[in-house]
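The values are calculated or read from the model by the stated rules, or taken from the named source; none is laboratory data. Computed from a predicted structure; not experimentally measured. As a convention, Cβ positions derive from the backbone with ideal geometry for all residues, glycine included, and neighbour counts pool all protein chains shown.
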Amino acid sequence: MGQALAAQLTATPVLLVSTETRWLGAARMPRALSRAGFEVALLTPRNSLAEKTRFVAKIGYLPDDANMQQWRQAFAATVRTTRPRLLIPCDDAAFRLLQRLAESPPTGFLPAEELAALIRLSLGDPNGYRCSVEKTLLPPAAEKLGVRVPRYAVADNADAARVFAHAHGYPVVVKRDHSSAADGVRVCMDGIELAAAFADLLRPHPSGFAGTGRRLLVQEFISGSIKNYATSAWQGRVLASYAALKIEMNPPRSGPSTVTRYHRDDALREMAEAIVGGLGISGFLALEFVVSQDSGLPYLLEINRRLVPGGHRGSDFGVDHCAALHAALHGLPQSTRSVLDPGEQHLSVHFPQEWLRDPQSEWLRDNPVDVPWDDPELIEAMLAMRHEE
């Protein structure tokens, strides 16, 4: 009882690991983490949005244009300074850097084993890292766990992809192993576009440093609505989760959500539990699905093993990812709901995302907007994003 009480009274150090300067999920989650009982530290490039929030207690900076060795050194130094109980990757590159360090600790790098152990505690079983985030590995891994995916092939050239397209019909979707905000995804309407997609996506790309590099995923295109399933997990168990229907996106049809409707979806939760349990996942993640307009069935498209915009919203409607993770870390009973109630819905107009998409948006005019009013310096930094476009 004494240890449990101490855990409740003492803030638990957590380190957010970021490689991006404009990642909105990293800027919004510190408030929810702080309210849940964490003391938030941040490793980031300089001049990031996340460093502007008042809910970050300590900041470590990456060197400008840091190489792998410099990143490891900065990461190790920040861990020594902040002594976190957990690590949270803020973006896709941050996850892959942590993945590489956990899978292959560099020889002669004295704290490497300790850092790898901290990564494994924070993210779960390393055997599930690559297949959860690499586009060419995820579909077969998901199928083995009984999770539905679009029909697919893995191809190293356009001719092989055409064979798939001729068998299943156009359009097809072509994906590089790693991408962010759909920058490595192409929807191809015919063979000419398919050849162009392969020529483009097989070029060397910075996001490919941890990937297979010379193969692409080719999938059937399923027309339907896009849903994310935002989840916190611990040692292969889903803690708190909710579905997020994308209503507006920027760019349209493929970009991050700017207006979202949160709701309960038991079918997606069942699939999330299969993935989280089968791959032994810990931490924050979001599974992206397309719900077929023809059959109504959901198909898994990808998994994001990092913070997502809107992931902080659960703390406002009682399905709190951060509080659930804090309780699990300390072996305490979960004080937050694990899912929304049947029929319960929450509309979220994201700021500044919807404002950047359309300053005259009816969503902004007619609905409450998720502005961080208690974080004025962060608001100023968000407003300045208008001039960066």
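Kindly evaluate S257 against the criterion of being in contact with a His (Cβ under 8 Å, 6 or more places away or on another chain), modelled with pLDDT under 95, under 23 Å from P309 (Cβ atoms) and buried (at least 16 other Cβ atoms within 10 Å of the Cβ).
Yes.
Do we have any residue at all in segment 168-184 that's outside any helix (DSSP H, G or I), modelled with pLDDT of 95 or more and on the phi > 0 side of the Ramachandran plot?
Yes, segment 168-184 contains a residue that is outside any helix (DSSP H, G or I), modelled with pLDDT of 95 or more and on the phi > 0 side of the Ramachandran plot.
Of the residues R96, R31, which single one is over 30 Å from G318 (Cβ atoms), outside any loop (DSSP other than H, G, I, E, B), touching a residue at least 40 places away in the same chain (Cβ under 8 Å) and basic (K, R)?
Checking each option against the conditions leaves just R96.
Do you know which residues across segment 294-324 are under 25 Å from T19 (Cα atoms), of a type in the set (D, E, K, R) and in a helix (DSSP H, G or I)?
R313, the sole residue that qualifies.
Just to be sure I understand, how many residues within segment 150-187 are under 19 Å from the mean Cα position of the chain (by Cα) and surrounded by fewer than 20 Cβ atoms within 10 Å (Cβ to Cβ)?
6
Any residue in segment 41-57 that is of a type in the set (D, E) sitting within a Cβ distance under 7 Å of a residue that is not in a loop (DSSP other than H, G, I, E, B)? List the pairs, counting only those 6 or more apart or interchain.
E51/L42; E51/T44; E51/I59
Give segment 236-267 a look and list any residue that's of a type in the set (G, A, S) and on the phi > 0 side of the Ramachandran plot, or say none.
The answer is G236, and nothing else.
Taking segment 270-299, which residues are out of contact with any strand residue (DSSP E or B) (no Cβ under 6 Å at 6 or more places or on another chain) and not acidic (D, E)?
M271, A274, I275, G277, G278, L279, G283, S295, G296, L297
Residue-by-condition table, conditions (1) buried (at least 18 other Cβ atoms within 10 Å of the Cβ); (2) assigned by TED's automatic domain parsing to the domain that holds P352; (3) free of Cβ contacts under 8 Å to residues at least 40 places away in the same chain; (4) aliphatic (A, V, I, L, M):
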| residue | (1), (2), (3), (4) |
| --- | --- |
| A240 | yes, yes, no, yes |
| K246 | yes, yes, yes, no |
| R261 | no, yes, no, no |
| R269 | yes, yes, no, no |
| L279 | yes, yes, no, yes |
| V291 | yes, yes, no, yes |
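Condition (residue is surrounded by fewer than 15 Cβ atoms within 10 Å (Cβ to Cβ) and under 29 Å from V349 (Cβ atoms)) applied to segment 48-56: is it met by at least one residue?
Taking every residue of segment 48-56 in turn, at least one turns out to be surrounded by fewer than 15 Cβ atoms within 10 Å (Cβ to Cβ) and under 29 Å from V349 (Cβ atoms).
Could you list, in sequence order, the residues of segment 141-161 that are hydrophobic (A, V, I, L, M, F, W, C) and in a strand (DSSP E or B)?
A153, V154, A155, listed by residue number.
If we keep just the residues of segment 189-220 that are hydrophobic (A, V, I, L, M, F, W, C) and surrounded by fewer than 16 Cβ atoms within 10 Å (Cβ to Cβ), which is modelled with the lowest pLDDT?
Once the filter is applied, the top-ranked residue is F209.
In contact with a Pro (Cβ under 7 Å, 6 or more places away or on another chain) and surrounded by 15 or more Cβ atoms within 10 Å (Cβ to Cβ): is that true of R120 in this structure?
Answer is yes for this residue.
Among the residues of segment 325-358, write down those that are part of a loop (DSSP other than H, G, I, E, B), of a type outside the set (A, V, I, L, M) and farther than 18 Å from T231 by Cβ.
G331, P333, P342, G343, F351, P352, D358
Name the one entry in P359, P372 that is assigned by TED's automatic domain parsing to the domain that holds D266 and free of Cβ contacts under 8 Å to residues at least 60 places away in the same chain.
It is P359.
From the list A158, A116, which residue is of a type in the set (G, A, S) and in the same structural domain as P84 (by TED's automatic domain parsing)?
Checking each option against the conditions leaves just A116.
For segment 26-41, what are the residues that are small (G, A, S) and either touching a strand residue (DSSP E or B) at 6+ places or on another chain (Cβ under 8 Å) or buried (at least 24 other Cβ atoms within 10 Å of the Cβ) (or both)?
The answer is A26, A27, S34, G37, A41.
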